[in-house]
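The values are calculated or read from the model by the stated rules, or taken from the named source; none is laboratory data. Just so it is clear, the structure is predicted and the values come from calculations on it, not from any experiment. Please note: Cβ atoms are built from the backbone with ideal geometry, for glycine as well, and neighbour counts cover all protein chains shown. Surface areas here come from the heavy atoms of the whole protein model, side chains and all, with no ligands, DNA or RNA. Shrake-Rupley method; radii C 1.70, N 1.55, O 1.52, S 1.80 Å.
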Amino acid sequence: MATVLHIDSSARPGRSGTDAHGSHTRRLTAHFIKTWKTLWPDDRVIYRDVGAEPPKPVSGAWVHAAFTKEDQREPWMHEVLAESNALVDELLAADVIVAGVPMYNFGVPAQFKAYIDNIVRVGRTFGFERKGEEVDYWPMVPNAKKLMLLSSRGDVGYDREDMLAASNHVEPSVRTPFAYIGITDVWSTAAEYDEYGGVRLQQSLEAAEDAITNKLNALYAESRKAA
């Protein structure tokens, strides 16, 4: 039995296609979870809505506490790190992370950036050692975890080098920190045409849902072969 960590980061409540002005990424992550539970009904799902309840941004006190050895931390330091510890615990418990991350002004929502800053934790998700003038870093999260990144954006072509790829800072800014802590198995898909609406948006959403379904069916077929 596997554990899936389901993260939503859209500022929009509800889901498109169901709720007025609902989130496209919430729609995609819901489709992912529904399909996953159809294939693996006994798996556990942990839900974290950082869009509705954003983690606190990293502060000077947070940095001070995080870089103090655990056995030397004062009581206030444990309090400052409590939320980060909860987020890290969820991440470490998961076998699969499915994250709904819409594009806001070419990058990730501030809520999701706060999440990343809270889970990239020295001593918990990455290690480092200072050797004179050099510093060594290493990931601490098992590489067997999978990250499924589901996004949405207003225009088309953010995955094409001949169009808007250089302006897409969503997937790169998620892949990089997750790889830094040890999660390199990443798959992504996105819905486009949000600003256009109409048929093109609907077709893009349906194509993204189909891509999710096909990906999970392929993973299921692989798991059956391995069994």
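Shape analysis of segment 93-227 yields a ratio of the Cα radius of gyration to the Kirkwood radius, Rg/Rh, of 1.04.
Using only Cα atoms, find the angle between the long axis of helix 24-39 and the longest principal axis of the chain, and express it within 0 to 90 degrees, rounded to the nearest 10. The angle comes out at about 90 degrees. This model, with +1 at the C-beta of Lys and Arg and -1 at the C-beta of Asp and Glu, gives segment 91-207 a dipole about its Cα centre of some 420 debye.
Label-to-label distance, residue 187 versus residue 71, with points set 7 angstrom from Cα along the beta-carbon direction: 4.3 nm. Axis angle, to the nearest 10 degrees, between helix 198-226 and the longest C-alpha principal axis of the chain: 60 degrees. Model label points for residue 202 and residue 225, set 7 angstrom from Cα along the Cα-to-Cβ axis, are 3.7 nm apart.
Sorting 224, 12, 200, 124 by accessible area puts them as 224, 200, 12, 124; the probe is 1.4 Å, largest comes first, and only protein heavy atoms count. Think of it as helices only: each DSSP H run of n ≥ 4 in the chain is worth -39500 (n - 2.57), and spread over all residues that comes to -13500 deg cm²/dmol at 222 nm.
Dipole size of the chain about its Cα centre, with +1 on Lys/Arg Cβ and -1 on Asp/Glu Cβ: approximately 380 debye, rounded to the nearest 20.
Past 29 Å, Cα to Cα, is the threshold; run 56/131; 34/146; 56/146 against it and keep the listed order. The answer is 56/131. For trypsin sites (Lys or Arg not before Pro), the sites in segment 1-91 that DSSP calls loop and that have at most 12 other Cβ atoms within 10 Å are 69. Using only alpha carbons, segment 179-224 has a radius of gyration to Kirkwood radius ratio (Rg to Rh) of 1.15. In a DSSP loop and with at most 14 other Cβ atoms within 10 Å, the GluC sites (Glu not before Pro) in segment 84-163 are 133, 161.
Excluding ligands, DNA and RNA, the accessible surface per residue across segment 77-194 is 45 Å² with a 1.4 Å probe. Spread over its residues, the convex hull of the C-alpha atoms of the chain is 157 Å³ per residue. To test your reading of the geometry: what angle, between 0 and 90 degrees and rounded to tens, separates the Cα axis of helix 75-93 from the longest principal axis of the chain? That helix lies at roughly 40 degrees to the long axis. One chain, two ends: residue 217 and residue 3. Fully extended at 0.36 nm per residue, the span grows by 75.3 nm beyond their Cα-Cα distance. FRET efficiency for the residue 128 to residue 89 pair, using the beta carbon distance and R₀ = 25 Å, is estimated at 0.75. Across the chain, C-alpha contacts under 8 Å between residues 6 or more apart give a mean separation that, scaled by the residue count, equals a relative contact order of 21 percent.
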